[in-house]
Structure formats: structure tokens, C-alpha cells
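Taking it in order: structure first as C-alpha cells, then the write-up.
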Amino acid sequence: MTYDLFIALTVFAFVTSATPGPNNMMLLASGANFGFLRTIPHMFGISLGFGLMIFLIGIGLMQVFESYPASRTLLSLVSVVYMLWLAWKIAHSAAPEGSAAGGTPMTFWQAAAFQWVNPKAWSMGLTAITLYAADRSVWSVALVALAFVLVNFPSVTIWVVLGREMRRFLTSPARLRAFNWSMAGLLVLSLYPVLLS
């Protein structure tokens, strides 16, 4: 991979990681509901889980979708159902009054596993491999995955900090409820491109 292509990959990774999508909507909600420190495992789960997902897509999973197009349709259906369930959970999150109240943030493993049903993650991964590791060599695929891991963590941190700062405004249960319902609605709206494809 040339230096220019790597710079283009890094820009692509930043833009796709920093723009709104299911991961970032959930991190914004988690930052507002649980704070920064309790959301750190969720952040690492996204970054490392997505990097692993890209690597596995590049070394073989992409060929499954090319050989069996119905498998991609099935994945989309499962993803939509799971995302709707997550939106419902976000909408019904309780106020973070005590340490045990308000539920618990996503764990590292839950966030890493979530990448496999995240439509935006699949779209980003398939596009990144197609554009930046067309030869699908292990080295090229690993470089694409590494670029995403390095760029993704700072990108998702922005959303958690934004959510944490919104906590000051979300001091009343009514405001927090409205915020959580808004985040749930945005999560559902993020499914729109999947439903069109």
C-alpha cells in the first residue's frame, strides 16, 4: 500500500468512524447515562471488535457474501431486528441516580459482538476492503484493520465526551427520558440506508 493510499484510508476511517451511526448514538447515550469512565470498555469493544471484524471480512467473509448473496440479506434482517431491540432498551433507560440505577453500560465483549450486527459497520468494512485491500492479501487487510483501530478510538471518544457533557443538561428525569427517546429514534433512523438496500 502506497503512502498516498494509506492517507486516503486514514481519512476514510476517520470520516466513517466519526459520523453518526449506531455505535456513536449508543456511545452518546452511554456517556450521558453512565459517564466517561464507565463507557471506556464499550469504546474499546467497538474499536478492537471492529478491527477484528474488518480483518475477518478481508481474509474470507467477503467471499461468503459474494458466493451466497442471500446470506447478506439474512444478516441485514437480523441486524435490523437487533437494532430495534437496542433502540427500545435505550428509550427505556432509567435515570442514573445511584450506582446501580439506570442499568449498566455495554461491556467490552457486548460492544465487540455488536459490530457483527451493526449495518454501518458491515458497510464500512466491506467498502474499506474493496477500496484499500483489493488484493485481499493478509498484509493489506491487516493494515486496513489497524488503520481503523487507531483512528476509531479517538473518533468514538468524541461522542462519549459529548454525551458526558450533556449530563449537566439532563438533570431532570423528563429531560433524560426525552434524550433517551431521541437517541433511540436516531438509532432507528440510522437503519434507513440498510432498509433501502
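Worth pointing out:
- Dipole axis of region 73-188 (+1 Lys, Arg; -1 Asp, Glu on Cβ), positive-most option in Leu162, Thr107, Ser79: Leu162
- Among the protein heavy atoms of the chain, carbon and sulfur supply 73% of the accessible surface, probe 1.4 Å, non-protein parts ignored.
- Rolled with a 1.4 Å probe across the full set of protein chains, the surface gives Thr104 an accessible area near 110 Å².
- From the Kirkwood radius over Cα pairs of region 103-177, Stokes-Einstein at 10 °C and 1.306 mPa s returns a whole-number translational diffusion coefficient of 106 µm²/s.
- Centroid-to-centroid separation of region 149-176 and region 48-83 [C-alpha atoms, Å]: 28
- Placing +1 on each Lys and Arg Cβ and -1 on each Asp and Glu Cβ, with no other charges, gives the chain a dipole about its Cα centre of roughly 560 debye.
- Ranked packing of 106-117, 58-69, most packed first, by mean Cβ within 10 Å: 106-117, 58-69
- Residues in the chain average 50 Å² of solvent-accessible surface per residue, probe 1.4 Å, ligands and nucleic acids excluded.
- The chain: relative contact order as a whole-number percent, Cα under 8 Å and 6+ apart: 44
The values are calculated or read from the model by the stated rules, or taken from the named source; none is laboratory data. Computed from a prediction, not measured in an experiment: that's the story for all the values here. Note: ideal-geometry Cβ built from the backbone for every residue, glycine included; neighbour counts use all protein chains shown. The area values use the complete protein model at the heavy-atom level, side chains included, leaving out ligands, DNA and RNA. Shrake-Rupley method; radii C 1.70, N 1.55, O 1.52, S 1.80 Å.
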